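One structure is given below, encoded as structure tokens.
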Amino acid sequence: MKKKYPGSCHCTAVKFEVQLPDEVESERCNCSICAKSGLLHVIIPKRDFTLLSGEDVLSTYTFNTGAAKHTFCKICGIKAFYTPRSNPDGVSVNLNCLDKFPPKVRIVDFDGQNWEQNAHTLAHKSK
């Protein structure tokens, strides 16, 4: 059974809600963008994500292949969620941007510095 968890960027211009089970796995990626922004990924199906407000203040950054759509708040600069290259049919939510964590969170390291060799381990997350 999934429960609703609200979240937002720092300035709260971008607000969203996700549906998560009581136990989630979150990836701590060591690639340059994730490590420098302190992102803790929780990849979910799009159907479990609802943008409540702030679509008008979102901006998108892409690099390398352009497949990942890194969205961030134009006001405060926080990347609360984005469309990941590994799961283009899903959403990666920054666990740190949820108002409250699910009861059981397991953080696992992901070697994003060697993304091409490891991305397959994430492909099932948005199903």
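The values are calculated or read from the model by the stated rules, or taken from the named source; none is laboratory data. Everything quoted here is computed from the prediction, not taken from an experiment. As a convention, Cβ positions derive from the backbone with ideal geometry for all residues, glycine included, and neighbour counts pool all protein chains shown.
Below are the figures for this structure:
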item	result
In region 102-120, the residues that are within 16 Å of the chain's Cα centre (by Cα) and either outside any loop (DSSP other than H, G, I, E, B) or without any contact (Cβ under 8 Å) to a residue 60 or more places away in the chain (or both)	VAL105, ARG106, ILE107, VAL108, ASP109, PHE110, GLY112, ALA119
Subset of region 32-48 [touching a Pro at 6+ places or on another chain (Cβ under 8 Å) and farther than 16 Å from ILE78 by Cβ]	ILE43
From the options VAL57, VAL42, residue that is of a type outside the set (D, E, K, R), over 15 Å from HIS10 (Cα atoms) and at pLDDT 95 or above	VAL42
Every residue from region 52-84 that is within 14 Å of GLY7 (Cα to Cα) and in a loop (DSSP other than H, G, I, E, B)	GLY54, ILE78, LYS79, ALA80
Tally of residues being under 21 Å from ARG106 (Cβ atoms) and either of a type in the set (A, V, I, L, M, F, W, C) or in a loop (DSSP other than H, G, I, E, B) (or both) across region 39-51	6
